[in-house]
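Just below is one structure, and these are the notes that go with it.
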Amino acid sequence: MEAAAAGSSAGSRSGSGPAPAALPPLDAESRELLEAWRDRVSCELDTVIDFWIRHSHDPEHGGFFSCLSRDGTVYDETKYVWMQGRQVWVYARLYRSVPRFRRPELLEAARAGGEFLLRCARPDPRVPKAAFALLRDGRAAKVQRSVFSECFCALALDELGRATGNACYERGRTAVLEHVSQDGLELPGSLGRLQNPGHAIEAGWMLLLHARARGDMAAADEAIDGFMLGPLDAGWDSPHGGLLAFHDADGLCPTQLEWAMKLWWPHAEALVALLAAFAHRRDPALLRRFEQVAEFTFQRFPDPEHGEWFGYLNRDSSLALSIKGGPFKGCFHVPRALYMCEELLNEILAGP
């Protein structure tokens with residue numbers, strides 16, 4: 001995640017295969033378009049972070065509220081460990097990487113969130129298991145068997161350690177299927193045919209940045225064609241625009257009740273993926289796809305009145321839920337995507 005989320009810089013080549021071809025220069029029209037998107041993305045990132053700073057901090061008990069209504073009012077004081085770790089990561093990464101966010105109050109908020117995790121995430125210090133949900137004062141409310149809480153705690157403390165310098169924090173190719181057997185084979189029925197375009201596209205940009213860092217051009221091409229463009233084509237809702245939450249590989253109806261919803265995070269991940277792909281290839285078709293996704297996303301998800309993004313739209317793009325956060329939506333996908341898009345746009349515009 002560190003390499004993937006850090007931006008798109010290729011770094012030193014450590015893999016095998018041919019060196020990447022020289023990139024063609026941007027034409028004047030493309031440069032003007034990308035400069036406009038950089039300004040828009042940067043402004044939106046500022047707005048989003050300001051929303052979470054104003055509404056999510058709990059100065060009394062520590063940690064962050066993620067269950068926020070449209071105007072930022074807290075509607076549930078439960079603190080979800082996924083969201084705690086993710087918000088610490090965002091604050092620490094922005095403080096460390098973006099000069100305008102190098103503000104003491106942002107680092108202090110990240111530090112306070114990290115201390116809350118260290119103090120409360122593990123209900124029983126004798127057991128290496130983090131809770132899924134905490135009461136406002138940090139007592140455990142729910143523990144799950146999955147390891148995602150632990151993963152986001154690790155990401156948070158790693159990034160916080162990098163930002164503070166304090167070491168004590170550091171501890172088939174035609175369809176991307178959501179579920180496979182233990183042997184990597186397709187499962188029968190609708191479970192085996194299930195596609196999640198958002199997860200596939202998100203994996204695609206991570207694989208692309210890893211492949212670029214290693215100088216593996218074959219893997220980079222597979223990341224773009226197999227994990228980004230294939231799922232984007234399969235999941236794009238031509239009649240209404242936007243990415244469907246789920247898709248059946250054979251074109252049948254998925255069994256997930258929310259399959260036709262338009263969710264915030266797949267669109268955020270697609271913005272990152274398409275810019276990363278364009279930075280790698282400079283293919284005008286990729287820039288057109290980025291503009292298509294970006295126009296849909298920025299027209300429908302951001303809330304111009306209160307800030308931040310709505311998370312849940314119906315298939316026709318009408319608003320399904322007005323909340324800005326909850327158990328699974330917090331200060332992560334939107335600011336991470338905007339931060340990465342800004343970094344990628346800076347990289348592209350600094351080139352020929």
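Here the calculated FRET efficiency for residue 71 and residue 166, from their Cβ-Cβ distance with R0 = 51 Å, stands at 0.90, rounded to the nearest 0.05. Using the Cβ-Cβ distance between residue 292 and residue 144 with R0 set to 41 Å, the FRET efficiency from 1/(1 + (r/R0)^6) comes to roughly 0.65. Only sites in a loop by DSSP and with at most 16 other Cβ atoms within 10 Å count here; which GluC sites (Glu not before Pro) in the stretch 17-72 make the cut? Here the GluC sites (Glu not before Pro) that fit, given the DSSP loop and packing criteria, are 60. Classified by the C-alpha gyration tensor, the stretch 75-118 has a prolate form. Its axis ratio a/c, with a ≥ b ≥ c, is 1.5 or above, and a/b is larger than b/c. For the stretch 50-102, chymotrypsin sites (Phe, Trp or Tyr not before Pro) meeting the loop criterion (DSSP other than H, G, I, E, B) and having at most 10 other Cβ atoms within 10 Å: none.
Only the coordinates and a few stated rules stand behind these numbers; no lab work does. Here the structure is a predicted model, which is why all the values come from computation and not from measurement. So basically every Cβ, Gly included, is an ideal-geometry build from the backbone, and we count neighbours across all protein chains shown.
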